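The values are calculated or read from the model by the stated rules, or taken from the named source; none is laboratory data. All figures in this text were calculated on a predicted structure; none of them were measured in a lab. Backbone-built Cβ (ideal geometry, glycine too); neighbour counts: all protein chains shown.
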Amino acid sequence: MFSFLNAGFLLAAAAALIPLIIHLFSKRKVKLIEFSSLKHLKAMQRRQVRRLKIRQLLLLILRMLIILIVVLAFAEPTTTGGNIGSHASVSAVIIFDNSASMNRYVKDGNLFDLTKDKAIELMQSFGEGDQVAIVSTGISSSESGKIEFSSPAAASEKLKLISPGYGPTRLESGLRSALELLNKAINLNKEIYILSDLQRNSLPDEQLVADSSVSLYFVGLAIEENDNLTVSGVSLGGKLIIPGQPFEITATIKNQGGRFHDDVIASLFVNGSRVSQVSVKIAAGKEKVVRFSHTLSRGGFHSGLVQLSDDRFAADNSCYFSFNIPEQFNVLIIDGDPVSDLMQLALVPSQTTGQYWSVKKARPDNLLGINFRDYDVVMLAGAPRLDNSIVSKLKLFVKSGRSLFISYGESTDITSFNTTWGELTGVKFEAPMDKNFSGAGYYSLGYIDINHPVFSVFNLDENKLPDLKFFTLPKTRTTGKSKIIMRFTGDRPALIENSYFAGRVLTFAGPMSPAYTDLAGHAFFVPFMARISEYLASQLSAVETELRTGSSLSRSFSASGALNQSIELVKPDSSVLYLAPEEGQGAVTYNLASANLPGIYRAFFDRREVDRFAVNIDPLEGNLTAALPEQFAEASGIDNYHVLKNSAVLQAEIAQFRFGKELWQLFLWIAAFLILIELLLSRSAPSREEQ
């Protein structure tokens, strides 16, 4: 069966008619010679004319055939089989998985190195006329658009430059890039080769290769059964860390494999020193939370990691974290209710623990001169009505990562509250409290989330909550993703938590003034207000473990003065990047295109450390369970796929799957032979004068 790789050239086949047209429109000139007798010449003329016509017809046919065959050669004729001609050229894309999970050890050695050796062997199956592209799964989306076909020799050089990465597996994006390239290719054989450990989490979400003429090859690797442990997360429990006071660090360890481990050592490192370690036993497929206790003597930036004893995949044995201990945090109370004075008294720091916060109070009509960036927590006592410009500043304050506490009061306008603060708090008031109450009945506390950081330090009993009385309450409902962490009896929300961009908001949906409740006079009030302040301020020392390798980052910090110098970002390998600072929304921002290494990053500006953050590999990389090639092929929507065994000689095995013979070289040889015959015939033909 014939096909043409460049079928557009077939239009030029009409040029084969040119010799015929020239022949039909050309006029022969006959020379007359007088002779006395034509009797014998007439017989000779008939024989000579007959031979002449045959020769001219042959020349005409040869010239038309030569043009037609040359045109067919340029159209690149191919067949799907046969022994005549050379193999059809190949356009191939090699998807090389250099994600974090590939840099692990198997029985035969390092999986990444073994895979690269396999890829080099694969390159031997391509000829000089083939075109090959290399797609590594660790490249960014912007880099994927720059991938192009090249010769096998040039592709081999690119292959040597690929190094192990720490990013997630992006086989789906690799398939997209491969298909985009092959859609532009003109060669008969279009092939995609996947060299990957085929983690289950890498299965494509879309059937990208459906209805495609591409052949998909899975190159067998030395994959072994999943037996891996991962540190999947670290937490400080949402508590404000105070110098000189012990705090708890918890780490979650997951057994990704199918074997019980009873000899795992988990170590805690803080600021470069090992400070604690524990022995862990963990069943197959289960998680275990380990706890460490530590005390720091100073404030400022701190960092560390929780590390497991070595196994064959070292990259996920560590989880890095960083946090900041403020020397002191500042609270601003906006006075919109008589309870503001009691709130300020409740937040007077204890002299025995040292002063680590500062509390100031301001009237709602005296806020224009206040710089909210000087405060870490703002409390709206009684939710007073504020000028629109102040509301905008407070919302920006929360967006930037700071915290807000709002309490309901006797002067709260619920219509204004719902319009101004409804989205930010996740709270809507449906009816105000009844100020004409008898005092005969009251509400009390019906539920407290005793595991929430606000209440976890109280050692409360779910069946014995603080005995508080609230003589009247507004009617309230929650919206969005807000969470109720305390309820009044009657199933009415009491304390509601909501996230607003990077910030945190707590709303107390009941009165706190002594005219409506005995809360302020109860022993629970002072520690309750202190814990609310500490919890809201704990954003300042929140542990950071969620940043992932391979992702772009935007960071911000507070600074004064002109931005006339670069930010020095020291990476985990001690190399330094110089980044341009940008000012916006009351803070200095800098951007990192890709955090390609796990570990601790430190930013310096004007010779002082202004930021520190941790970057970890995606915990999903620790799940080394592999999908079957059949599952991957089904997920990608392709029927034409082949599995190349790890023990196979790739060049020989691939050759039996390729199809097609290219005949253009054969056609050119035929055209050259016909040209030679045409030259011989035309040389032996008589001239026009002789005719």
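Would you check which residues across the stretch 288-322 are of a type in the set (Lys, Arg) and either crowded, with 18+ Cβ neighbours inside 10 Å or part of a loop (DSSP other than H, G, I, E, B) (or both) and list them?
Of the residues in the stretch 288-322, the ones of a type in the set (Lys, Arg) are 288, 291, 298, 312.
Listed by number, the residues that qualify are 298, 312.
Screening the stretch 419-472 for residues that are of a type in the set (D, E, K, R) and within 37 Å of the chain's Cα centre (by Cα) and picking the one that is nearest to residue 395 (Cα to Cα) gives 423.
Among the residues of the stretch 586-641, which ones are hydrophobic (A, V, I, L, M, F, W, C) and farther than 30 Å from residue 373 by Cα? Outline the logic, then answer.
Start the filter on the stretch 586-641 by keeping residues that are hydrophobic (A, V, I, L, M, F, W, C), which leaves 587-588, 592-593, 595, 597, 600, 603-605, 610, 613-615, 617, 620, 624, 626-628, 632-633, 635, 638.
Scanning the stretch 586-641 gives 597, 617, 620, 624, 626, 627, 628, 632, 633, 635, 638.
Filtering 573, 618, 639 for residues that are in contact with a Lys or Arg (Cβ under 6 Å, 6 or more places away or on another chain) and not assigned by TED's automatic domain parsing to the domain that holds residue 317 leaves a single hit, 618.
Residues of the stretch 454-477 being under 18 Å from residue 505 (Cα atoms) and surrounded by 18 or more Cβ atoms within 10 Å (Cβ to Cβ), which ones? 454, 455, 476, listed by residue number. Residues in the stretch 240-259 that are assigned to a loop (DSSP other than H, G, I, E, B) and touching a Lys or Arg at 6+ places or on another chain (Cβ under 8 Å): 1 in all.
The single condition from (1) farther than 30 Å from residue 67 by Cα; (2) out of contact with any Leu (no Cβ under 9 Å at 6 or more places or on another chain) that residue 668 fails is (1).
Taken together, 151, 156 contain a single residue that is of a type in the set (S, T, N, Q), more than 18 Å from residue 98 (Cα to Cα) and more than 27 Å from the chain's Cα centre (by Cα), which is 151. Going through (1) surrounded by fewer than 18 Cβ atoms within 10 Å (Cβ to Cβ); (2) within 23 Å of residue 529 (Cα to Cα); (3) among the hydrophobic types (A, V, I, L, M, F, W, C) one by one, residue 431 falls short only on (2). Taking the numbered list (1) part of a strand (DSSP E or B); (2) within 26 Å of residue 599 (Cβ to Cβ) in turn, residue 281 passes all entries but (2).
Only one entry in 309, 322, 358 is in contact with an Asp or Glu (Cβ under 6 Å, 6 or more places away or on another chain) and hydroxyl-bearing (Ser, Thr, Tyr), namely 322.
The condition of being of a type in the set (Val, Ile, Thr), in contact with an Asp or Glu (Cβ under 8 Å, 6 or more places away or on another chain) and at pLDDT 90 or above holds for only one of 265, 249, 253, that being 253.
Here's the yes/no breakdown for (1) out of contact with any strand residue (DSSP E or B) (no Cβ under 8 Å at 6 or more places or on another chain); (2) assigned by TED's automatic domain parsing to the domain that holds residue 416; (3) in contact (Cβ under 8 Å) with a residue 60 or more places away in the chain; (4) within 30 Å of residue 394 (Cα to Cα):
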site	(1), (2), (3), (4)
278	no, no, no, no
296	no, no, no, no
301	no, no, yes, yes
319	no, no, yes, no
337	no, yes, yes, yes
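Residue 574 falls short on exactly one of the conditions (1) free of Cβ contacts under 8 Å to residues at least 60 places away in the same chain; (2) small (Gly, Ala, Ser); (3) outside any loop (DSSP other than H, G, I, E, B), and that condition is (3). Of everything in the stretch 190-239 that's small (Gly, Ala, Ser) and not in a loop (DSSP other than H, G, I, E, B), which residue is surrounded by the most Cβ atoms within 10 Å (Cβ to Cβ)? Of everything passing the filter in the stretch 190-239, 202 is surrounded by the most Cβ atoms within 10 Å (Cβ to Cβ). The residues of the stretch 143-174 that are among the aliphatic types (A, V, I, L, M) and either in a strand (DSSP E or B) or surrounded by fewer than 17 Cβ atoms within 10 Å (Cβ to Cβ) (or both), listed by number, are 153, 154, 161. Every listed requirement among (1) of a type outside the set (A, V, I, L, M); (2) surrounded by 22 or more Cβ atoms within 10 Å (Cβ to Cβ); (3) not in a helix (DSSP H, G or I) is met by residue 533 save one, (3). Every test in (1) within 27 Å of residue 377 (Cα to Cα); (2) surrounded by 15 or more Cβ atoms within 10 Å (Cβ to Cβ); (3) at pLDDT 90 or above is passed by residue 243 save one, and that test is (3). In this structure, is residue 514 surrounded by fewer than 15 Cβ atoms within 10 Å (Cβ to Cβ), touching a helix residue (DSSP H, G or I) at 6+ places or on another chain (Cβ under 9 Å) and part of a loop (DSSP other than H, G, I, E, B)? Considered against the rule, which asks whether it is surrounded by fewer than 15 Cβ atoms within 10 Å (Cβ to Cβ), touching a helix residue (DSSP H, G or I) at 6+ places or on another chain (Cβ under 9 Å) and part of a loop (DSSP other than H, G, I, E, B), residue 514 comes out as yes. In the set 265, 249, 253, 241, only one residue is in contact with a helix residue (DSSP H, G or I) (Cβ under 6 Å, 6 or more places away or on another chain) and on the phi < 0 side of the Ramachandran plot; that residue is 241. Only residues that are part of a loop (DSSP other than H, G, I, E, B) and at pLDDT 95 or above were counted across the stretch 323-336, and they come to 0. If you check residue 191 against the conditions, is it at pLDDT 90 or above, in the same structural domain as residue 114 (by TED's automatic domain parsing), among the acidic types (Asp, Glu) and at negative phi? So residue 191 fits the description; yes.
Per-residue answers, yes or no, for (1) at pLDDT 90 or above; (2) within 30 Å of residue 179 (Cβ to Cβ):
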position: 573; (1), (2): yes, no
position: 588; (1), (2): no, no
position: 595; (1), (2): yes, yes
position: 640; (1), (2): no, yes
position: 645; (1), (2): no, yes
position: 663; (1), (2): no, yes
position: 680; (1), (2): no, no
position: 686; (1), (2): no, no
position: 689; (1), (2): no, no
